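Notes follow once the structure below has been shown.
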Amino acid sequence: MTEPILPQLHDWLGEGICRQLSLYPIPEGLRLSVIVPVYNEKDTIRELIRRVREVPIPKEIIVVDDASTDGTRDLLAEIASQPGLRVVYHAENRGKGAALRTGFGEATGDIVIIQDADLEYDPAQYRQLIQPIVEGVADVVYGSRFLPIGPHRVLYFWHFVGNHLLTTMSNVFTGLNLTDMETCYKVFRRDVIRQIRLRQDRFGFEPEVTAKIARLHCRIYEVAISYDGRDYSQGKKITWIDGLKALYYIIRYRLTD
């Protein structure tokens, strides 16, 4: 959707319908920082970057390679000179949380969005995801896979149960009413994420950051998203052990920083 068409659509459809369809003007000067933590994603990273680049919103793409061993680093070296793309390399594998901390430290945009490299989440939904922040009603937005809008690939029942259990436990300890705490799509005003001291190096990032934004009394919104989940044969990394660890972190960050 090109910006010059928007006034005409507003005239035809009305402001209310346009807002519901996320047809709103992007403020002049606004810029996204898209943080992409990567570990062994050579089969998808090039396509993911192409899809992010196609989103018609001014942005920088910050890819943090967490010491990949499958050829991802060589591929990133080939494309690292593309405009608007920055690649940061970890010398050793430290985990998704550590890669995100590195990316947050590099971000210069007004809004920061987390993007996994495995094509499970669709960058075409950025406009919906950032809308509550652009309109000034939210500090943080979570993209929910469980709100009843958008197509979803049918996969593992116990993953579904585990996600709901972890989200419910997180809500009990934070007082929030999220539907999807473990989602990849978390969007922050940059000044918000910069003031949070994050410690977890791996998948403990999700319950940690949720507890800490709740403690800051941030204005949090959820937006329904589509989800094309992959299975373990396609490289899915999170396991039931990570779920048990997440339960521990939910309790830990309710009691201490």
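The values are calculated or read from the model by the stated rules, or taken from the named source; none is laboratory data. Just so it is clear, the structure is predicted and the values come from calculations on it, not from any experiment. Quick reminder, even Gly has a Cβ in these numbers, built from the backbone with ideal geometry, and neighbours come from all protein chains shown.
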Please count how many residues of the stretch 117-130 are in a loop (DSSP other than H, G, I, E, B) and touching a Gly at 6+ places or on another chain (Cβ under 6 Å).
1
Residues of the stretch 44-54 being within 22 Å of residue 22 (Cβ to Cβ) and crowded, with 17+ Cβ neighbours inside 10 Å, in sequence order, are 48, 52
Going by the conditions given, is residue 97 under 27 Å from residue 46 (Cβ atoms), in contact with a Gly (Cβ under 9 Å, 6 or more places away or on another chain), outside any strand (DSSP E or B) and small (Gly, Ala, Ser)?
yes
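Quick grid of which residues meet (1) surrounded by 16 or more Cβ atoms within 10 Å (Cβ to Cβ); (2) over 30 Å from residue 246 (Cβ atoms):
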residue	(1), (2)
37	yes, no
63	yes, no
70	no, no
75	yes, yes
Are any of the residues in the stretch 106-123 more than 23 Å from residue 195 (Cα to Cα), of a type in the set (Phe, Trp, Tyr) and out of contact with any strand residue (DSSP E or B) (no Cβ under 6 Å at 6 or more places or on another chain)?
yes
Which count do you get for residues in the stretch 113-128 that are of a type outside the set (A, V, I, L, M) and over 12 Å from residue 229 (Cα atoms)?
6
First in the stretch 76-87 and in contact (Cβ under 8 Å) with a residue 24 or more places away in the chain and closer than 17 Å to residue 66 by Cα, second anywhere and part of a loop (DSSP other than H, G, I, E, B) and not β-branched (Val, Ile, Thr), Cβ under 8 Å, 6 or more apart:
86/80; 87/80
Among the residues listed as 129, 100, 119, the single one being under 14 Å from the mean Cα position of the chain (by Cα) and at positive phi
119
Tell me whether the stretch 244-255 contains one or more residues that are among the charged types (D, E, K, R) and either within 18 Å of the chain's Cα centre (by Cα) or at pLDDT 95 or above (or both).
no
Answer residue from the stretch 103-116, given it is under 12 Å from residue 37 (Cα atoms) and part of a strand (DSSP E or B) and is farthest from the chain's Cα centre (by Cα) among those
113
When you check residue 109 against the structure, is it small (Gly, Ala, Ser) and closer than 27 Å to residue 135 by Cβ, yes or no?
yes
Which ones in the stretch 51-83 are part of a helix (DSSP H, G or I) and among the basic types (Lys, Arg)?
51, 53, 73
Do we have residue 35 as in contact with a Ser or Thr (Cβ under 8 Å, 6 or more places away or on another chain), among the aliphatic types (A, V, I, L, M) and over 24 Å from residue 6 (Cα atoms) here?
no
Tell me which residues, restricted to the stretch 84-94, are part of a loop (DSSP other than H, G, I, E, B) and closer than 29 Å to residue 224 by Cα.
84
Among 43, 110, 65, the single one that is touching a helix residue (DSSP H, G or I) at 6+ places or on another chain (Cβ under 9 Å), farther than 24 Å from residue 225 by Cα and in contact (Cβ under 8 Å) with a residue 24 or more places away in the chain is 65
